[in-house]
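Enquirer: The structure's right below; bear with me while I get my questions together.
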Amino acid sequence: MSLVIIGTIAYDAIETPFGKTDKIVGGAATFAGLAASYLYDRVKLVGVVGEDFGDDNLDILRSKGINLDGVQIKEGEKSFFWSGKYHNDMNSRDTLVTELNVLADFDPIVPDSYQDCEYLLLGNLTPQVQLTTLDRLQRKPKLVVLDTMNFWMDIALDDLLRVLKRVDVLTINDAEARQLSGEYSLVKAAEKIRQLGPKYLIIKKGEHGALLFGGDRIFAAPALPLAEVYDPTGAGDAFAGGFVGYLAKVGTVNFNNMKNAVIFGSALASFCVEQFGTERLRELDGNLINERIARFTELSKFEIEG
Ligand code: AMP
């Protein structure tokens, strides 16, 4: 049994009030895969890079035991490139450049060794590719989680609506939930979005935490208050990886486990933003993660006397 993750494997150039980077390793599948690898040991990636993507960069993923049989390396082509600049509040950013490069005509390969997929994370990339990946799995996974962003709502909404019909969980941020539903109230937005397909919806609210909607229940998870956020890039992907990695580890999907999964996702995201790019996510271990989970528990635990 395995957890398969598809998404971009990219070069990013990032500017935050704390500094600026040249091309560094990023991408939705990179952040999600690293996060999931600390919770579950059978993580397999589907993706594509150009020949400019150094093998040492792929080693960052291999060193965490992540299977890269489904990652294609395209000779003579360039990797997906994204560049973004964060505003002072760190909750909002401008995308400066999105160069699709290898992603423009990406035809995903799902190797035979991935057909044991039980948990599937359709991480952020072209909705058409997310659909093709689903089609190429011979057996429907136990749980399909979809992550996406406003970019795809703007340029590929019809395909995105088609994927939505086939997934169990959608994770998006508050602005994207409002854009997708046309509703300002997140409760109304959640109601409308769940009518599009996913039984469960997670709305991420940056430093204000996340909301999980399922059946007639809502769970609110805090974000860890951090003195310094260096670079929020990848926080959403780390959240998704931590969320699905936890569910793959416990092996049973229900609302209670999803609540815990949201906390694990939030914990991995809180590490992610502490340094630029993937730096912090590369150096974690089980103890650090458990300590952080304990801080999350403490943060919102209360008892009402009498
Ligand atoms: P997040 O901060 O969670 O939205 O994720 C940022 C990561 O997503 C960066 O490493 C980018 O390489 C990647 N990314 C940016 N734009 C896109 C896009 N349109 N599709 C897929 N991945 C993207």
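The values are calculated or read from the model by the stated rules, or taken from the named source; none is laboratory data. Because the structure is a prediction, the values reported are computed rather than measured. Here the Cβ is made from the backbone with ideal geometry for all residues, glycine too, and neighbour counts use every protein chain on show. The area values use the complete protein model at the heavy-atom level, side chains included, leaving out ligands, DNA and RNA. Shrake-Rupley method; radii C 1.70, N 1.55, O 1.52, S 1.80 Å.
Enquirer: In the stretch 149-170, what residues are modelled with pLDDT of 95 or more and of a type outside the set (A, V, I, L, M, F, W, C)?
Expert: D154, D158, D159, R162, K165, R166, D168
Enquirer: If you don't mind, there's one more thing I want to ask. Could you please give the count of residues in the stretch 206-235 that are open to solvent by less than 30 Å² (accessible area, probe 1.4 Å), of a type in the set (A, V, I, L, M, F, W, C) and within 16 Å of the ligand (Cβ to nearest atom)?
Expert: 3
Enquirer: Tell me the helices (runs of 4 or more DSSP H) entirely within the stretch 65-170 that contain at least 1 residues that are touching a residue at least 40 places away in the same chain (Cβ under 8 Å) and surrounded by fewer than 19 Cβ atoms within 10 Å (Cβ to Cβ).
Expert: 150-155
Enquirer: Also, I was wondering about something else. Considering only the stretch 178-192, I want to know if a residue exists there that is of a type outside the set (G, A, S), assigned to a loop (DSSP other than H, G, I, E, B) and within 19 Å of A32 (Cβ to Cβ).
Expert: Our first condition is that a residue be of a type outside the set (G, A, S); within the stretch 178-192, this holds for 178-180, 183-184, 186-188, 191-192.
Then keep just the ones that are assigned to a loop (DSSP other than H, G, I, E, B); that gives 183-184.
Checking which are within 19 Å of A32 (Cβ to Cβ) leaves us with none.
No, the stretch 178-192 contains no residue that is of a type outside the set (G, A, S), assigned to a loop (DSSP other than H, G, I, E, B) and within 19 Å of A32 (Cβ to Cβ).
Enquirer: Determine whether I203 is in a strand (DSSP E or B) and open to solvent by less than 10 Å² (accessible area, probe 1.4 Å).
Expert: Spelling it out, I203 is indeed in a strand (DSSP E or B) and open to solvent by less than 10 Å² (accessible area, probe 1.4 Å).
Enquirer: Anything in the stretch 125-148 that is of a type in the set (A, V, I, L, M, F, W, C), over 17 Å from V244 (Cβ atoms) and within 14 Å of the ligand (Cβ to nearest atom)? List them, or say none.
Expert: Residue satisfying the conditions is V129 alone.
Enquirer: Could you say which residue among L61, L34 is in contact (Cβ under 8 Å) with a residue 24 or more places away in the chain, open to solvent by less than 50 Å² (accessible area, probe 1.4 Å), more than 20 Å from L146 (Cβ to Cβ) and not in a strand (DSSP E or B)?
Expert: L61
Enquirer: Only one residue in V262, V253 is in contact (Cβ under 8 Å) with a residue 40 or more places away in the chain and within 16 Å of the ligand (Cβ to nearest atom). Which one?
Expert: V262
Okay, residues lined up against (1) open to solvent by 30 Å² or more (accessible area, probe 1.4 Å); (2) small (G, A, S); (3) at negative phi:
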| position | (1), (2), (3) |
| --- | --- |
| A248 | no, yes, yes |
| T252 | yes, no, yes |
| A267 | no, yes, yes |
| V273 | no, no, yes |
| F296 | no, no, yes |
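Enquirer: Restricting to the stretch 205-228, and then to whatever is touching a residue at least 60 places away in the same chain (Cβ under 8 Å) and charged (D, E, K, R), can you tell me which residue is farthest from N256 (Cα to Cα)?
Expert: Within the stretch 205-228, the match that is farthest from N256 (Cα to Cα) is E228.
Enquirer: If you don't mind, another one. Check the stretch 40-57 and report whether any residue there is within 14 Å of the ligand (Cβ to nearest atom), in contact (Cβ under 8 Å) with a residue 60 or more places away in the chain, open to solvent by less than 70 Å² (accessible area, probe 1.4 Å) and part of a helix (DSSP H, G or I).
Expert: The answer is no; no qualifying residue exists.
Enquirer: In this structure, is G26 open to solvent by less than 10 Å² (accessible area, probe 1.4 Å) and either over 16 Å from the mean Cα position of the chain (by Cα) or modelled with pLDDT of 95 or more (or both)?
Expert: Taking the combined requirement at face value, the residue satisfies it.
Enquirer: Another one. Taking only the stretch 63-88 into account, find how many residues are of a type outside the set (A, V, I, L, M), touching a helix residue (DSSP H, G or I) at 6+ places or on another chain (Cβ under 9 Å) and more than 17 Å from D52 (Cβ to Cβ). First the steps, then the outcome.
Expert: Start the filter on the stretch 63-88 by keeping residues that are of a type outside the set (A, V, I, L, M), which leaves 63-65, 67, 69-70, 72, 74-88.
Filter once more, so that each one left must be touching a helix residue (DSSP H, G or I) at 6+ places or on another chain (Cβ under 9 Å): 63-65, 67, 69-70, 72, 74, 77-81.
The next check asks that each one be more than 17 Å from D52 (Cβ to Cβ); those that pass are 63-65, 67, 69-70.
Qualifying residue count, the stretch 63-88: 6.
Enquirer: Mind checking which residues of the stretch 1-23 are more than 11 Å from the ligand (Cβ to nearest atom), open to solvent by 30 Å² or more (accessible area, probe 1.4 Å) and touching a residue at least 24 places away in the same chain (Cβ under 8 Å)?
Expert: Residues satisfying the conditions are M1, E15, P17, F18.
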